[in-house]
Amino acid sequence: MEEEIELTYLAKSLPKDLFEYPHKEMIDLYIPAAFDHPTIRIRKNGDKYVITKKEPYEDTPNDTSHMLEQTIKITEKEFSEFIKFPAKKVEKHRYEYPYQGLTAEFDVFQGDLAGLVLIDFEFKTREEQAKFIMPDFCLVEVTQEKFIAGGMLCGKKYSDIEKQLVSYQYQKLLT
């Protein structure tokens, strides 16, 4: 099991040179599809394929910035079989953008969630996370907001979450 320490932000703007950086096409399948917030994700990340389960630590069950993550690699052939299962789906392009010695992962959602852009930063320690100052291209931190979690976004349309986004003064970012 790996420890994941991160912060998630709604994007305020996109850096002018963002699209000059490499990106990966990502497809996330969340199962079981019958759950409101599925915790098992089957992911195509460029040419890599994995199954991941994320759970909060027992001593901090409401802190989604600090999670236990279990991941196993699968093959492209296995992914092509999983994609046939009933699952909730999210498609996005992830751009890895350098920012002050860290990588800002810009998730530019496609399809039904087009216009939504989230930015994740991962940290090695909780201290590093606590010292982090939000960049200008970020609007607001939403790490603890359940509606923005991948397992909650899957199977939704932008219009399904628009009311929550507007409460943050988020403006749709079309690319």
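FYI, it's all coordinate maths here, none of it is from the lab. Just so we're clear, the structure is a prediction, and the values are computed from it rather than from any experiment. Note that we place each Cβ from the backbone using ideal geometry, even for glycine, and neighbour counts take in every protein chain shown.
Assuming charge only on the beta carbon of Lys and Arg (+1) and of Asp and Glu (-1), the dipole of the chain about its Cα centre is about 640 debye to the nearest 20. Couplings 3J(HN,Hα) of region 157-163, computed from phi: 10, 3, 4, 5, 10, 4, 4 Hz, in residue order, whole Hz [Karplus 6.51 cos²θ - 1.76 cosθ + 1.60, θ = phi - 60°; x for Gly and Pro].
By the helix-only formula, in which each DSSP H run with n ≥ 4 contributes -39500 (n - 2.57) and the sum is divided by residues, the chain has a 222 nm mean residue ellipticity of -3500 deg cm²/dmol.
The list (i) 1.00; (ii) 1.41; (iii) 2.44 gives values of Cα Rg over 2.2 N^0.38 Å, and only one came from this structure; which label was calculated from it? Among (i) 1.00; (ii) 1.41; (iii) 2.44, the one derived from this structure is (i). Please build a GNM for the chain, connecting alpha carbons under 10 Å apart, and tell me which residue among E58, E162, E105 fluctuates the most. Of E58, E162, E105, the most mobile in the Gaussian network model is E58. Excluding residues fewer than 8 places away in the same chain, name every one of the lysines whose C-alpha is closer than 18 Å to that of K157. List returned: K88, K89, K92, K146, K172.
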